[in-house]
1. Report the local net charge at Leu72: Lys and Arg +1, Asp and Glu -1, summed over other residues whose C-beta lies under 15 Å from its C-beta.
2. For region 22-75, report the convex hull volume of the alpha-carbon atoms normalised per residue, in Å³, without decimals.
Amino acid sequence: MKQGLILLSLLFFYLFPLSGQHSDANIFGDVQSEGEHIPFATIHIEGTAIGTATDVTGHYMLIDLEPGIHVLVASSMG
């Protein structure tokens, strides 16, 4: 009985992690070429469908990402 209770407790904590352990990550910045900001460039995280575009001033923000190491890819016409 005691082993069953311990197993059930471990399963509960595995399936329902503490909310304090999860935090979202945000990435923000700007895209420049030769010192000039690039408006409307596309930004995406390599290997995913997560992305955005820079605004008219060349700035972007990706929010609510999983914490970790991400490789960003930027592209623009012209």
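1. After counting each charged neighbour, the total is -3.
2. Taking only Cα atoms, region 22-75 has a hull volume of 77 Å³ per residue.
The numbers here are math on the coordinates, done by the rules we state, and not lab data. The shown structure was predicted, so the numbers you read here are calculated from the model rather than taken from an experiment. FYI the Cβ positions are ideal-geometry reconstructions off the backbone, even for glycines, and counts take in every protein chain you see.
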